[in-house]
Amino acid sequence: MKNLINNLDYDLIIAGAGPAGLSAAIYAGRAGLNVLVLEKEAPGGKVIKTGEIENYPGFTNIQGPDLAMHFFEQATSMGAKYEFSGLKSFEKKEIFYVLLENKKTITSKALIIATGTKENLLGVPGEIELYGKGVSYCAVCDGSFYKEKPVVVVGGGYSAIEESIFLTRFVSKVYLIHRRKDFRVDNKTLNKAKSIEKIEFILDSIVESIEGTNKVESVKIKNLLNNEIKKLEVNAIFPFIGQYPITNFISQNEILDENKNIIGDENMRTKIEGLFVAGDVRVTPFRQIATAVADGALAGQNAVNYIENLE
């Protein structure tokens, strides 16, 4: 066993380069481990798709892409290596055998899964057909394309409210559609949105369809109280209606709950020895940048402890 673990590709592999994965990389790299971070998109996870961030300690106000770059630069400065590829599957024998989406197989002593979540779809006509032509799940990425034009935002959580506020920098009008009257946000955030004249709340309503030929031209909405159908002439729609965990590469069902979230204890350990979890992909009551960073710190340090005990 000792000879085997001394001849691996890496001490630690981290799948996912959001706040959780990069936080874990900082702790593990600082401890002197040979660390590889896997990510098939830009580093930062959902942070890179977020506008203003006001609730991350140390920054009164910072843009999401800027904070993501701080995370990435700090992780790589600690020695973490980076590979643009997703995780396709893994197997734990005495060590971890990790198959990447780019067909490579690499080995490590420990593995941290911090793959986060992916946005839910509305599931209405026109959503898939007009994706990238006015249907977007990233206000930071695409908001500036709709200067002085009306848009729709759908949802009732922090993402919907915060991205509606962000979009008012560019657009002429934001119709915020929510199927209920109550929002899943704190009063300060909600009141800030309500104070902005460009944001119009359309409550107790859902999107019926997204219409347009080669681009979004209008959105049909239905009032759930009286079944009235109304058409909004807009140029874009941004759905923010929750997300699901990215765990489709996991065949080890014993580490998943009924919603396919990864189950971990308070030290981010799973039922598989040497496998840790961090961030939004795990079973957690609160998904924020600060909690993901804390998860990553715990996962990274406990991975260090695990590896040191192997030796």
Which of 117, 105, 247 moves most in a GNM of the chain, Cα contacts under 10 Å?
105
Within 13 Å, Cβ to Cβ, of residue 209, how many net charges do the neighbouring residues add up to if Lys/Arg are +1 and Asp/Glu are -1?
-1
Tally up the carbon and sulfur contribution to the accessible surface of the stretch 253-310 as a whole percent, 1.4 Å probe, everything protein left in place.
49
Relative contact order (percent, whole number), the chain, Cα cutoff 8 Å, 6+ residue spacing:
21
Going by average Cβ neighbours within 10 Å, how do the peptides 19-32, 226-239 rank, with the highest at the top?
19-32, 226-239
Note down the relative contact order for the stretch 121-239 as a percent, whole number, built from C-alpha pairs under 8 angstrom at least six residues apart.
32
Nearest-0.05 FRET efficiency for residue 133 and residue 259 at R0 = 30 Å, using Cβ-Cβ distance, is 0.45
If you count, for each residue, the other Cβ atoms within 10 Å and average over each peptide, how do 130-140, 182-192 line up from highest to lowest?
130-140, 182-192
Averaged per residue, what accessible area in Å² does the chain show with a 1.4 Å probe, protein chains only?
48
Spin-label point model (7 Å from Cα, Cβ direction): what's the residue 226 to residue 147 distance in nm?
3.9
Cα-based shape type of the stretch 121-239, given that a ≥ b ≥ c are square roots of the gyration tensor eigenvalues and the cut on a/c is 1.5
oblate
Mind running the shape call on the stretch 120-185? Use the C-alpha gyration tensor, a ≥ b ≥ c as the square roots of the eigenvalues: rounded below 1.5 for a/c, prolate if a/b tops b/c, oblate otherwise.
oblate
Could you tell me what percent of the accessible area of the stretch 23-83 is made up of carbon and sulfur, with a 1.4 Å probe and every protein chain present?
51
Do the sum for the chain: with -39,500 (n - 2.57) for every DSSP H run of n ≥ 4, divided by all residues, what is the mean residue ellipticity at 222 nm, to the nearest 500 deg cm²/dmol?
-7000 deg cm²/dmol
For the stretch 121-239, share of DSSP beta bridges that run antiparallel, in % to the nearest 5
40
Relative contact order [Cα under 8 Å, 6+ residues apart], the stretch 256-311, whole percent:
31
The stretch 121-239, accessible surface, carbon-and-sulfur percent (1.4 angstrom probe)
46
Please compare each pair in 81/104; 133/220; 149/192; 220/260; 173/215 to a cut-off of 26 Å on the Cα-Cα distance and tell me which ones are over it.
220/260
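The values are calculated or read from the model by the stated rules, or taken from the named source; none is laboratory data. In this text the structure is predicted, and so the values were computed from the model without any measurement. All Cβ positions, glycine included, derive from the backbone under ideal geometry; neighbour counts span all protein chains shown. These area figures cover heavy atoms from the full protein model, side chains too; ligands, DNA and RNA do not enter into them. Shrake-Rupley method; radii C 1.70, N 1.55, O 1.52, S 1.80 Å.
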